[in-house]
Amino acid sequence: MKQSPVSDSSSIMRAKYSGDMKELTRELENQEPSGDLLDVIMGVDWARMDTDQLVTVSILARKIKAFAEWVELAALRRIEDITELAMALTEPEQTVARRKEAATVLDTLPRLAELLRRGELDFRRLDAVRERVQHLSPDLVTQVEDALVGVAAGLNRTQLCRKTTALVAHANPDGYEQRCHKASKDRRVEFAPLPDGMAKLTWILPATDAHLVFQQLCKDAQTLPTDDRTTDQKRSDALLDRLRGASRDWNVRTFVTLSMETLMGLTNDPGHLAGYGPIAADTARGLAMHGPWRGILLDQYRHATAITTDTYRPTTLMKEFAHVQAGGTCTAPGCVSPIQEYDHITPWPAGNTEPANLQGLCAWHHHRKHDNYTVTRDPDGTSHWTTPTGRHYTTRPFKY
């Protein structure tokens, strides 16, 4: 019997990749999940693999896992008896019911769900989008999906959450404003015991307040003596000091960006809180009333290209512009940490101290960049990172 084209392709792949591990090349990363791909990673010789091959195997494992999640959702969508399934999976019925609810994403976001089936998007990212669009009408959901389908696979979960929230807020600004006000009623503090004499306090509060508190704790931690404590431990100690009444001023700056129309109350388009994302228009207007203003010039792609120069010295201004240009977030690929340090892309003195050669990074990626990672930047602000194994990644300026 003649084999189908799919079978022929699979046979070729088995022949090429079932032997010497030197044949485990990056081109496999573009394959769709299949049983043959699983056979490849199940038969690897771990002792003979270099770093680049280990990265490839990790990518293939993630693709297969994503496809398996799509299969589970497709089955859940058709199962009516949740009790039967919960018993079979040894899971509480509520857990299975929540998973079945999540399976609706195959219908509401079919093109993003197809990325899950192809192993290009994992379930956690897809479900994060579903949670954020569930209040929208079907036509607005389609509008958001249109904007995400080409970029979602290249964003980590936090980045995808922020982009989806921004799209939802712009698609339905009044509805987003109402949900923000309603959500503020859910603010609370929760206590949970942990092992070994520890406990966890969870504080849920409006993003602007949470961002301000966290930035202040970061600054407090920097003022503490150099000792064997980690930054996390210092932040924890600084918070406890403040709660115990240690008298300290609040001395951090918060960057909020909003349109002139929103500032004047003509529209309710959301503002942008650097390091967090979209915030309600009323909140953004309130914050704008309590600090110095700057004008930002945007290009045709809504990227920041210039900033007014009437308040700070040039060096401070350049740092501030780098902060605004990146949306307050580290510009390393996949990083969502706040900007902590500023780096010359082309090291000084070969590279000038100017906005075009300045990028904001977290402390960790600033250190790694100077280890053995290479960064270049295009005139439009697009940055290109090259890793020690020769892989290339691209980051683009924040879009307002």
Enumeration of residues in region 133-163 that are open to solvent by less than 60 Å² (accessible area, probe 1.4 Å), under 18 Å from residue 58 (Cα atoms) and of a type in the set (Gly, Ala, Ser): 153
Residue 130 open to solvent by less than 50 Å² (accessible area, probe 1.4 Å), among the charged types (D, E, K, R) and not in a loop (DSSP other than H, G, I, E, B): yes
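So that you can scan it fast, the table gives a plain yes or no per residue for (1) at pLDDT 75 or above; (2) closer than 17 Å to residue 159 by Cα; (3) among the basic types (Lys, Arg):
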position: 289; (1), (2), (3): no, no, no
position: 308; (1), (2), (3): no, no, no
position: 318; (1), (2), (3): no, no, no
position: 325; (1), (2), (3): no, yes, no
position: 328; (1), (2), (3): yes, yes, no
position: 343; (1), (2), (3): yes, no, no
position: 362; (1), (2), (3): yes, yes, no
Per-region count, region 331-387, residues open to solvent by less than 50 Å² (accessible area, probe 1.4 Å), more than 18 Å from residue 276 (Cα to Cα), out of contact with any Lys or Arg (no Cβ under 9 Å at 6 or more places or on another chain) and in a loop (DSSP other than H, G, I, E, B): 2
First in region 251-276 and farther than 20 Å from residue 178 by Cα and modelled with pLDDT under 80, second anywhere and outside any strand (DSSP E or B) and of a type in the set (S, T, N, Q), Cβ under 6 Å, 6 or more apart: 252/215; 252/216
Which listed residue is open to solvent by 80 Å² or more (accessible area, probe 1.4 Å), at pLDDT 90 or above and under 21 Å from residue 363 (Cβ atoms), from 228, 186: 228
Single unsatisfied condition, residue 50 versus (1) at pLDDT below 90; (2) open to solvent by 70 Å² or more (accessible area, probe 1.4 Å): (1)
Given (1) of a type in the set (A, V, I, L, M); (2) within 28 Å of residue 171 (Cβ to Cβ); (3) modelled with pLDDT under 95, index of the condition residue 105 fails: (3)
Whichever residue in region 32-47 is outside any helix (DSSP H, G or I) and open to solvent by less than 70 Å² (accessible area, probe 1.4 Å) and, among such residues, is nearest to residue 126 (Cα to Cα): 33
Check on residue 69, modelled with pLDDT of 95 or more and either over 23 Å from residue 149 (Cβ atoms) or of a type in the set (Asp, Glu) (or both): yes
Those residues of region 222-250 which are among the basic types (Lys, Arg) and part of a loop (DSSP other than H, G, I, E, B), in sequence order: 229, 244, 248
Hey, residue 396 closer than 30 Å to residue 258 by Cβ and of a type outside the set (Gly, Ala, Ser) or not: yes
Residue in region 210-221 that is loosely packed, with under 13 Cβ neighbours inside 10 Å and not polar (S, T, N, Q) present: no
Residues of region 257-273 satisfying the condition of being open to solvent by 10 Å² or more (accessible area, probe 1.4 Å) and either outside any helix (DSSP H, G or I) or touching a Cys at 6+ places or on another chain (Cβ under 8 Å) (or both): 257, 258, 259, 264, 265, 266, 267, 268, 269, 270, 272
Test: residue in region 166-185 that is over 21 Å from the mean Cα position of the chain (by Cα) and of a type in the set (Phe, Trp, Tyr): no
Answer from 373, 342 - the residue that is among the aromatic types (Phe, Trp, Tyr), free of Cβ contacts under 8 Å to residues at least 60 places away in the same chain and more than 26 Å from residue 26 (Cβ to Cβ): 342
Residue count for region 56-113, restricted to those that are under 30 Å from residue 392 (Cα atoms), open to solvent by less than 50 Å² (accessible area, probe 1.4 Å) and in a helix (DSSP H, G or I): 10
Matching residues in region 58-84 - criterion: being under 19 Å from residue 38 (Cβ atoms), in contact with a helix residue (DSSP H, G or I) (Cβ under 8 Å, 6 or more places away or on another chain) and among the β-branched types (Val, Ile, Thr): 59, 64
Region 189-209, subset under 23 Å from the mean Cα position of the chain (by Cα) and open to solvent by 70 Å² or more (accessible area, probe 1.4 Å), residue farthest from residue 341 (Cα to Cα): 203
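The values are calculated or read from the model by the stated rules, or taken from the named source; none is laboratory data. On a predicted model such as this, the values are computed, not experimentally measured, just so you know. Neighbour counts are summed over all protein chains in view; Cβ atoms, including those assigned to glycine, are modelled from backbone coordinates with ideal geometry. These accessible areas exclude ligands, DNA and RNA; they are computed on the full protein's heavy atoms, side chains included. Shrake-Rupley method; radii C 1.70, N 1.55, O 1.52, S 1.80 Å.
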